[in-house]
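What follows is a set of notes on a single structure, which appears directly below.
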C-alpha cells in the first residue's frame, strides 16, 4: 500500500513536469537565453512555497504519516564538489535539455531518443562512482 | 476545466512541485530524482566494480516507484491531458533556433532534429545526446544532487551548498548555451 503512494506521487510529478513544459528542451534553451520568465517562475514559486513548507515542518516538528518526526538532512559541507559537479551538470543540462526528473517523463511522453540520454547518464553516474576517491570534493 | 488541456503556467507548475516535495517529506522521504541513476547502476551490478554502488538498493525502491510513476505521468500528460503540445516560444528564440537549423522550434514539444527516431541516424545527434546525458549523470552525482535535490529541496532548506551547486548549474548551462551549443548543430 505504501508503495502505491509513491507510484501516485510519481505519476502526479510526471504530469506536472510534462504539462508545465519543464520537460521541454526548448524551455531549458530559452531559460539560458533569458528570453522567457517561465522556468524562473516555476523554480522561484516552487522555492517560495518550499521554504515556507520546510520552515513550518521544522518549527512545528511535524510528524510524517507514519508517526516519525520528519528528518531533513543537511548537505555535506564543501565548495569545490558543488561548483565543479554543478558546472558539469549544467553543461549537460544545457546540451541535452533534460535533468533527471524530466528524463523519465519524456520516456512516457514517447520521445524515444531520451533513452540514449538516460543510458549515458547511467554511464556518467557509474564513471563518477569509479573515480569518486580521486576527484576533489 | 478547459485550462488543464492547455500548457500550465509557471504559477501552477511551481507550487505543485513544492507540493510534491511536501508529499514526499510527509511520507518520510526526501525529494531527489538523480539518486535513481545511482540505484539503477547498483541494480545493474555496479556494486561489484566499486563500493560507491555497494548498498541495498531495496532501501531506494520508493524512489524508483516515483521515477516509474513519472514515466506514466508523461504518458498521461501527452495522451489524456493535452490538446496541443507545441511550446510557445519567444520569437527571438524561434529565429535563433531556425538559424541553427532547428526548424521545429515553436511547433513542437521537443526539437525533432534531436528527439525523433530519424534524428538518431545522425552521428552528431548521437554525440549531443550521449555527451549531454553523460555530463548530467556524472555532474549530478559529483554535486550530490540535481535540480530537484539542490534547486528545490536544498534551497528550500536554505542550504548554502545547494546555492553553490545551482550557481554551478548556471555557469555550465550558460557556457553550453551561449558558447558551445552552436558547434553541436
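Cβ-Cβ below 8 Å, separation at least six or inter-chain, first residue in segment B:3-27 and touching a residue at least 40 places away in the same chain (Cβ under 8 Å) and at the interface with chain A (Cβ under 7 Å from one of its Cβ atoms), second surrounded by fewer than 22 Cβ atoms within 10 Å (Cβ to Cβ) and part of a helix (DSSP H, G or I): which pairs?
Close Cβ pairs satisfying both conditions: B:18/A:45; B:18/A:47; B:18/A:48; B:18/A:49; B:18/A:53; B:21/A:53.
Output the qualifying pairs, or none if there are none: Cβ atoms under 8 angstrom, residues six or more apart or on different chains, first residue in segment A:108-137 and assigned to a loop (DSSP other than H, G, I, E, B), second residue loosely packed, with under 14 Cβ neighbours inside 10 Å.
A:112/B:117; A:113/B:117; A:136/A:80; A:137/A:80
Can you find even one residue in segment A:59-69 that is part of a helix (DSSP H, G or I) and either more than 7 Å from chain B (Cβ to nearest Cβ) or on the phi < 0 side of the Ramachandran plot (or both)?
For segment A:59-69, residues part of a helix (DSSP H, G or I) and either more than 7 Å from chain B (Cβ to nearest Cβ) or on the phi < 0 side of the Ramachandran plot (or both): present.
Which residues, counting only those in segment A:100-118, are within 7 Å of chain B (Cβ to nearest Cβ) and within 13 Å of the chain's Cα centre (by Cα)?
Result: A:100, A:101, A:104, A:105.
Restricting the search to segment B:33-61, which residues are assigned to a loop (DSSP other than H, G, I, E, B), surrounded by fewer than 22 Cβ atoms within 10 Å (Cβ to Cβ) and within 9 Å of chain A (Cβ to nearest Cβ)?
Once the filter is applied, which keeps residues that are assigned to a loop (DSSP other than H, G, I, E, B), surrounded by fewer than 22 Cβ atoms within 10 Å (Cβ to Cβ) and within 9 Å of chain A (Cβ to nearest Cβ), segment B:33-61 yields B:44, B:49, B:50.
Only residues that are within 21 Å of residue B:5 (Cβ to Cβ) and assigned to a helix (DSSP H, G or I): list them for segment A:1-32, please.
Within segment A:1-32, A:11, A:12, A:13, A:14, A:15, A:16, A:17, A:18, A:19, A:26, A:27 meet the criteria.
Give the number of residues within segment B:112-144 that are surrounded by 24 or more Cβ atoms within 10 Å (Cβ to Cβ) and in a loop (DSSP other than H, G, I, E, B).
1
In the list A:35, A:75, which residue meets the criterion of being without any contact (Cβ under 8 Å) to a residue 12 or more places away in the chain, part of a loop (DSSP other than H, G, I, E, B), within 7 Å of another protein chain (Cβ to nearest Cβ) and crowded, with 18+ Cβ neighbours inside 10 Å?
A:75
Considering every residue within segment A:81-99, establish whether at least one is under 21 Å from residue B:85 (Cα atoms), facing chain B (nearest Cβ under 7 Å), in a helix (DSSP H, G or I) and at pLDDT 95 or above.
Among the residues of segment A:81-99, at least one is under 21 Å from residue B:85 (Cα atoms), facing chain B (nearest Cβ under 7 Å), in a helix (DSSP H, G or I) and at pLDDT 95 or above, which makes the answer yes.
Filter segment B:137-146 down to the residues that are in contact (Cβ under 8 Å) with a residue 24 or more places away in the chain and within 7 Å of chain A (Cβ to nearest Cβ), then identify the one that is farthest from residue B:37 (Cα to Cα).
Checking each candidate, the answer is B:143.
The values are calculated or read from the model by the stated rules, or taken from the named source; none is laboratory data. Quick caveat, the model's predicted, so the values are computed rather than measured. Neighbour counts run over all protein chains shown; Cβ positions are idealised from the backbone, glycine included.
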